[in-house]
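The values are calculated or read from the model by the stated rules, or taken from the named source; none is laboratory data. On a predicted model such as this, the values are computed, not experimentally measured, just so you know. Cβ sites come from the backbone with ideal geometry, for glycine too, and all protein chains shown count toward neighbours.
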Amino acid sequence: MWSRWLPTDSMTTFDSGGYYMIERKMLKLQIVVLNTNLMKKGDADEEARRQWDWLNAVLHKCHATKQTVYLVGHMPPGSDERQRAMMHQAHFAYSEHHNKRYLKLVRKYADIIVGQFFGHLHSDSFRVIYNEHGRPVSWAMLAPAVTPRRTTDGANNPGLRLYKFDKDSGQVLDYTQYYLDLPLANTNTKTDPEWMVEYNFSSYYGISNITPLSLHNLAEKLTQSTPTENPSFNRYYRANSVRMYSGGVGGCDSNCAHTHYCAITRVDYEEYDHCVKTAASALASSSSADQSQQPTSFVLILPIIAIIAINRV
């Protein structure tokens, strides 16, 4: 059945392992689709190993021929930004082995990977991947789903995203996020539900280009002040739930905001755990200081990542 949509060259790996590449012979951009279910397998799993061998070969070939790549999958690497508990395995879509291996491969081929696109969490967020020197070298977009999701840490409206990109090079220029106001649709049962534009990325966040550096700078703005006083975090948090909580940050306190920040900027599990613990410890120290009648103002100082200027694509 799938052969009606996929090229013949893609069917061999799709049939055997659920992963494939749509090779665009006349254009620079290639689309590589992963079976992220294999990322939960054990370290020595044969199916997972075959996908890694294939992915390494594909990226090596694209690098040698100066082609660019989109990596596409269902489950993203890293942690769920909505889950506040530290180091809970249920929050991780990949095993730690596969998560580290994925990050290592992205860092190696960051110069040709011009986009990573995932879903699974049903929320609207993004991830920034850094090299060993702390320089942002790659990014991933996490798009919400047409199907809503309700968890103990929040729900979301249905969403649909339309990207604007250079069809040859693959450079992502912008995107428009659409949404369905589900509570309103359930109230107005006599009319058809109406999909509306939620926001346009560049104008919503005030970013003229989507690069690892620009997304790093956006992430840094999310913890510059308390959630209620931070316009950048307010915009991000409204988008994260696809406007389910359009009235404000609601129950998302400073600890919640820092969990989002850590999930965005610390895709490695150990680094995420350290980031969350550091924030929790600092907030606890602040609370103790308030109770002992110390000055009430408190600034949480997070490690500043040294940024090396990078050339625009």
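For the reader, a short list of remarks on this structure follows.
- Of all the criteria given as (1) buried (at least 21 other Cβ atoms within 10 Å of the Cβ); (2) modelled with pLDDT of 90 or more; (3) over 17 Å from SER214 (Cα atoms); (4) of a type in the set (S, T, N, Q), the one not satisfied by ASN156 is (2).
- The residues on offer are LEU6, LEU29, LEU71, and the sole one that is in contact with a helix residue (DSSP H, G or I) (Cβ under 7 Å, 6 or more places away or on another chain), more than 26 Å from ALA155 (Cα to Cα) and surrounded by 14 or more Cβ atoms within 10 Å (Cβ to Cβ) is LEU6.
- The combined condition, being without any contact (Cβ under 8 Å) to a residue 60 or more places away in the chain, touching a Leu at 6+ places or on another chain (Cβ under 9 Å) and farther than 19 Å from ALA140 by Cα, is not fulfilled by SER225.
- Among the residues making up region 53-68, those that are buried (at least 18 other Cβ atoms within 10 Å of the Cβ) and under 15 Å from HIS98 (Cα atoms) are TRP54, LEU55.
- Whichever residue in region 34-52 is more than 23 Å from the chain's Cα centre (by Cα) and not in a helix (DSSP H, G or I) and, among such residues, is surrounded by the fewest Cβ atoms within 10 Å (Cβ to Cβ): ALA44
- Residue within region 86-109 that is outside any helix (DSSP H, G or I) and at pLDDT 95 or above present: yes
- When region 167-192 is limited to residues that are in a loop (DSSP other than H, G, I, E, B) and touching a residue at least 12 places away in the same chain (Cβ under 8 Å), the one that is surrounded by the most Cβ atoms within 10 Å (Cβ to Cβ) turns out to be GLY170.
Listed here are the residues, each with its yes/no results for (1) modelled with pLDDT under 95; (2) aromatic (Phe, Trp, Tyr); (3) out of contact with any strand residue (DSSP E or B) (no Cβ under 8 Å at 6 or more places or on another chain); (4) within 26 Å of ASP168 (Cβ to Cβ).
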| site | (1), (2), (3), (4) |
| --- | --- |
| ASP45 | yes, no, yes, no |
| GLU81 | yes, no, no, no |
| SER123 | yes, no, no, no |
| ARG127 | no, no, no, yes |
| ARG135 | no, no, yes, no |
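- Within region 253-271, tally of residues that are over 29 Å from SER95 (Cβ atoms) and either surrounded by 16 or more Cβ atoms within 10 Å (Cβ to Cβ) or not charged (D, E, K, R) (or both): 1
- Number of positions in region 193-217 that are within 23 Å of ARG266 (Cα to Cα) and without any contact (Cβ under 8 Å) to a residue 24 or more places away in the chain: 3
- Counting only residues that are closer than 21 Å to CYS256 by Cα and out of contact with any Asp or Glu (no Cβ under 9 Å at 6 or more places or on another chain), region 152-167 holds 3 of them.
Residue-by-condition table, conditions (1) part of a strand (DSSP E or B); (2) surrounded by fewer than 23 Cβ atoms within 10 Å (Cβ to Cβ); (3) hydrophobic (A, V, I, L, M, F, W, C):
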site	(1), (2), (3)
PHE117	yes, yes, yes
LEU121	no, no, yes
HIS133	no, yes, no
SER138	yes, no, no
ALA145	no, yes, yes
PRO148	no, yes, no
